[in-house]
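Below is one structure, written out as structure tokens, with a few remarks after it.
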């Protein structure tokens, strides 16, 4: 009888604990990382602006490849620096917490508007006299 009573109390407390939901889910105060891919390498820093909004700052090198008439059919390789700022709105934090899903490191669906700047500071290339046209891109994003 004591075992059944103990087991019942234990299960009741465990169930009550597992149903506790964080009422104020929030993005992380800061997230730092490095991304790499086929076309570049980027370092990023994401900081909290409000419970659902963060600002992601990126600094990276994009890869540029070219081959054709203007390069005498030689393959030209270039690393091009870029800077980016992206405010992000994480709109699914409460739902993720309710479903007991992870929200650490700003995991969740977001909407963002990335502003990326390509300066003409330097270019690392296998050809001489390669330059970049300074440009500013605005890229709307939806992501995870």
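The values are calculated or read from the model by the stated rules, or taken from the named source; none is laboratory data. No experiment lies behind these values; they were computed from the predicted model shown. Please note: Cβ atoms are built from the backbone with ideal geometry, for glycine as well, and neighbour counts cover all protein chains shown.
Residue pairs whose Cβ atoms lie under 9 Å apart, separated by 6 or more positions or on different chains, with the first residue in the range 16-32 and more than 22 Å from residue 48 (Cα to Cα) and the second modelled with pLDDT under 90 and assigned to a loop (DSSP other than H, G, I, E, B), are 18/100.
Every condition in (1) within 12 Å of the chain's Cα centre (by Cα); (2) modelled with pLDDT under 95; (3) in a strand (DSSP E or B) holds for residue 65 except the one numbered (1). Of the residues in the range 106-128, at least one is touching a helix residue (DSSP H, G or I) at 6+ places or on another chain (Cβ under 8 Å), surrounded by 11 or more Cβ atoms within 10 Å (Cβ to Cβ), farther than 30 Å from residue 74 by Cβ and free of Cβ contacts under 8 Å to residues at least 40 places away in the same chain.
Taken over the range 38-52, the criterion of being loosely packed, with under 15 Cβ neighbours inside 10 Å and either assigned to a strand (DSSP E or B) or in contact with a helix residue (DSSP H, G or I) (Cβ under 7 Å, 6 or more places away or on another chain) (or both) is satisfied by 41, 43, 45, 47.
Beta carbons closer than 6 Å, at least 6 apart along the sequence or on distinct chains, pair a first residue in the range 92-103 that is surrounded by 17 or more Cβ atoms within 10 Å (Cβ to Cβ) with a second that is at pLDDT 90 or above and part of a loop (DSSP other than H, G, I, E, B) for 92/109.
Can you tell me which residue among 132, 103 is touching a helix residue (DSSP H, G or I) at 6+ places or on another chain (Cβ under 7 Å) and at pLDDT below 95?
Numbers: 132 fails: touching a helix residue (DSSP H, G or I) at 6+ places or on another chain (Cβ under 7 Å).
So the residue among 132, 103 that is touching a helix residue (DSSP H, G or I) at 6+ places or on another chain (Cβ under 7 Å) and at pLDDT below 95 is 103.
Would it be correct to say that residue 77 is over 12 Å from the mean Cα position of the chain (by Cα), within 24 Å of residue 120 (Cβ to Cβ) and part of a helix (DSSP H, G or I)? Spelling it out, it is not the case that residue 77 is over 12 Å from the mean Cα position of the chain (by Cα), within 24 Å of residue 120 (Cβ to Cβ) and part of a helix (DSSP H, G or I).
So, in the range 89-124, how many residues would count as being closer than 27 Å to residue 137 by Cα and not in a loop (DSSP other than H, G, I, E, B)? Total meeting the criteria: 14. Does any residue of the range 81-96 turn out to be at pLDDT below 90 and more than 23 Å from the chain's Cα centre (by Cα)? Taking every residue of the range 81-96 in turn, none turns out to be at pLDDT below 90 and more than 23 Å from the chain's Cα centre (by Cα). Scanning the range 124-144 for residues that are more than 16 Å from residue 44 (Cβ to Cβ) and under 25 Å from the mean Cα position of the chain (by Cα) yields a total of 7.
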